Amino acid sequence: QDEGKVSYAKKIDKAEGRLTFTENAVIVHNRVRALAGWPGTFGDFEWEANEGEWREVRLKVVKTRVVDREGKEKLGVHDVKAVALGKEAALRVTCDDGSVIDVLEVQPPGKKVMPAKAFLNGVKGKNLRRKRVPH
């Protein structure tokens, strides 16, 4: 290897694994794949514990799938939908540009990695949304 053409990459920081869903679904999906293992990727979500009372939960996002590569801007859409996929389920997240991504596997704090369906069973039909990120 020609040492004159060597390049160095900066060290990956754990903060690079933060998913805000402000980017296109393809970029989010590729980040999940690129940072699998260490440092992993995570997203901040909120679920409705009681009427009008929202609790924050940070989920490690383990596996995703792009549903819609392109969309019209959907700023302000933060609700996360539960979607049935045959015997499985997914957390369907709309990104700010309108693209859509399914989160197929998550890891809640202190728990093992689980399919989205198991997580959804645990929150028992309560409303879920991605946390708002200041722009």
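The values are calculated or read from the model by the stated rules, or taken from the named source; none is laboratory data. Here the structure is a predicted model, which is why all the values come from computation and not from measurement. As a convention, Cβ positions derive from the backbone with ideal geometry for all residues, glycine included, and neighbour counts pool all protein chains shown. Areas reflect the complete protein model, heavy atoms only, side chains present, ligands, DNA and RNA absent. Shrake-Rupley method; radii C 1.70, N 1.55, O 1.52, S 1.80 Å.
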Discussion item. Name the residue that is nearest to His29 (Cα to Cα), counting only residues in region 46-59 that are assigned to a strand (DSSP E or B) and open to solvent by less than 70 Å² (accessible area, probe 1.4 Å).
Written reply: Leu59
Worksheet entry | Selected residue (criterion: least open to solvent (accessible area, probe 1.4 Å)) from residues of region 75-132 that are without any contact (Cβ under 8 Å) to a residue 40 or more places away in the chain, part of a loop (DSSP other than H, G, I, E, B) and over 19 Å from Glu56 (Cα atoms) | Gly98
Discussion item. Give me the residue from region 33-45 that is aliphatic (A, V, I, L, M) and part of a loop (DSSP other than H, G, I, E, B) and, out of that set, most open to solvent (accessible area, probe 1.4 Å).
Written reply: Ala36
Worksheet item: Which one is nearest to the chain's Cα centre (by Cα) among residues in region 8-23 that are farther than 25 Å from Val100 by Cα and open to solvent by 100 Å² or more (accessible area, probe 1.4 Å)?
Response: Lys11
